[in-house]
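What follows is a short report on a single structure.
The values are calculated or read from the model by the stated rules, or taken from the named source; none is laboratory data. Treat the numbers as computed from the prediction; the structure is a model and nothing was measured. Here the Cβ is made from the backbone with ideal geometry for all residues, glycine too, and neighbour counts use every protein chain on show.
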């Protein structure tokens, strides 16, 4: 396993900004760096990286952690893999040792499953060469041997020896069931998931085999055309893009992606030289996939099938991509899908389709003009109703006016009519126009957070604070838990190392937030302690004042006397707190 010395060197590597900026464009802002969060959709940067504390935090989705945690999250890696990746980036030697302290079972299982998936990929590839029917099928689909090798295409036989092979290798029955390669029957026996199918291995962008897609060779009633691996920590269809590993270098060179729907579309496109093509995983485009695309390019050419489902996918993808400020073009195909277009029309025709790709407004308008009769005013109204939602997504006022003119010209109507429809559509959309109420923090919450900041970042201040105030005197339960945790430590951990030691996820997020939110702003430490200590006293004092007024109106002298005595005692305690200066 990974040597502890390698792990410690990676943990000590202090260029968190350099690591994260490989994924997220960051801008320096004061002592920190900010950018758009790669883990949720946002227009205003709320993702903050602190080079001083070597941690990151998103004030939008509240994700946080250190550099290792970031790489694990964004690349869907285990701890071991993330450490190795950072070590390679930082030029740290990766050492292995048999007696490493770092041998958690989850990491062993993850590595074993990756080994199993790679073994299975090679097993399917060997079986393809033995099966004439499968070879004939791929030959008929015009898939050449170079594509078969490049995409590791294989064949899953009707019955396989995989279970026996893995058990002989020492893998447990439970691990086999977690690999996504088998179905578990009611009697707990395992059945191969992929049988008598052409196999398309799914690689992540680093080239690791994380799952499979299987296609039947002939249509069979009640049998799914495509079958994918079961969802797991390694195989998540929402996060994967088929062909990204093979396409990444070409995308960076050509500066745009051709986004498709099917495995075969991508394979044939690469075969004909369009090596910047990749595909979604049989599902609608997701935010997770968009975050990955954003790392390579800001320009997308949508090349979906020409059937109704494909056209719907184009519109859904456009809307989502537009939210992330992509430049988007739509490629028109005369054939059903990109693969058929290439095979039937050839490279020149396909390249012309790319060169003549439309804006989404033109693409949609062309489709509508094939459906409706522009000599009928009611059909013009229907066309406008369909095109306006797309026009609304155009944020550039110059382009918006350009498209308004273009729509009006092609429909032979006045621009004011398009403008009227646009304004009416915007008016009818329900919006929450009220300004959101800002969550202003009270003085005592700020005081508690500042004390926790000092406890977590300064050993000398930690000793002073813990001598003056107990965790039970904090008022917010989450703050109590953090102070109790810090006070129980027998080590001098601060900042990143302290965050790493927190195992409870919500407390870890809160601590990261406090460390990034606050700094050494010269707040009076004793004032903060007094504010926290006095919070409940002040609440009770105010409550007593109200009760005295109420009892006075009722003439209850005895109750008033008792309340006044308690009031005096509380005031003495406040003065006592003020006297305990540091």
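The sole residue among 275, 283 that is more than 23 Å from residue 25 (Cα to Cα) and surrounded by 19 or more Cβ atoms within 10 Å (Cβ to Cβ) is 275.
Number of residues in the stretch 368-380 that are in a helix (DSSP H, G or I) and surrounded by fewer than 17 Cβ atoms within 10 Å (Cβ to Cβ) equals 6. Taken as a whole, the structure leaves residue 348 outside the set of residues that are closer than 18 Å to residue 270 by Cα, touching a helix residue (DSSP H, G or I) at 6+ places or on another chain (Cβ under 7 Å) and either surrounded by 15 or more Cβ atoms within 10 Å (Cβ to Cβ) or without any contact (Cβ under 8 Å) to a residue 24 or more places away in the chain (or both). Checking each residue in the stretch 233-261 for being part of a loop (DSSP other than H, G, I, E, B) and under 30 Å from residue 175 (Cα atoms) picks out 233, 234, 235, 236, 237, 238, 239, 240, 241, 243.
Of the strands (runs of 3 or more DSSP E) contained entirely in the stretch 265-365, not one carries at least 1 residues that are on the phi > 0 side of the Ramachandran plot and within 30 Å of the chain's Cα centre (by Cα).
Tell me, please, whether a residue that is in contact (Cβ under 8 Å) with a residue 40 or more places away in the chain, surrounded by 16 or more Cβ atoms within 10 Å (Cβ to Cβ), closer than 19 Å to residue 226 by Cα and in the same structural domain as residue 214 (by TED's automatic domain parsing) can be found in the stretch 129-137. Yes. Evaluate the stretch 20-28: report whether one residue or more is more than 25 Å from residue 291 (Cα to Cα) and either in contact with a helix residue (DSSP H, G or I) (Cβ under 6 Å, 6 or more places away or on another chain) or part of a helix (DSSP H, G or I) (or both). For the stretch 20-28, residues more than 25 Å from residue 291 (Cα to Cα) and either in contact with a helix residue (DSSP H, G or I) (Cβ under 6 Å, 6 or more places away or on another chain) or part of a helix (DSSP H, G or I) (or both): absent. Taking the stretch 179-230 as the region of interest, the strands (runs of 3 or more DSSP E) fully inside it that hold 2 or more residues being touching a residue at least 60 places away in the same chain (Cβ under 8 Å), surrounded by 20 or more Cβ atoms within 10 Å (Cβ to Cβ) and over 26 Å from the mean Cα position of the chain (by Cα) are 197-203. I need the full set of residues from the stretch 46-75 which are more than 23 Å from residue 511 (Cα to Cα) and surrounded by 19 or more Cβ atoms within 10 Å (Cβ to Cβ), in order please. Within the stretch 46-75, none qualify. Considering the stretch 459-496, and only residues there that are in contact (Cβ under 8 Å) with a residue 40 or more places away in the chain and within 18 Å of residue 50 (Cα to Cα), the residue that is surrounded by the most Cβ atoms within 10 Å (Cβ to Cβ) turns out to be 496.
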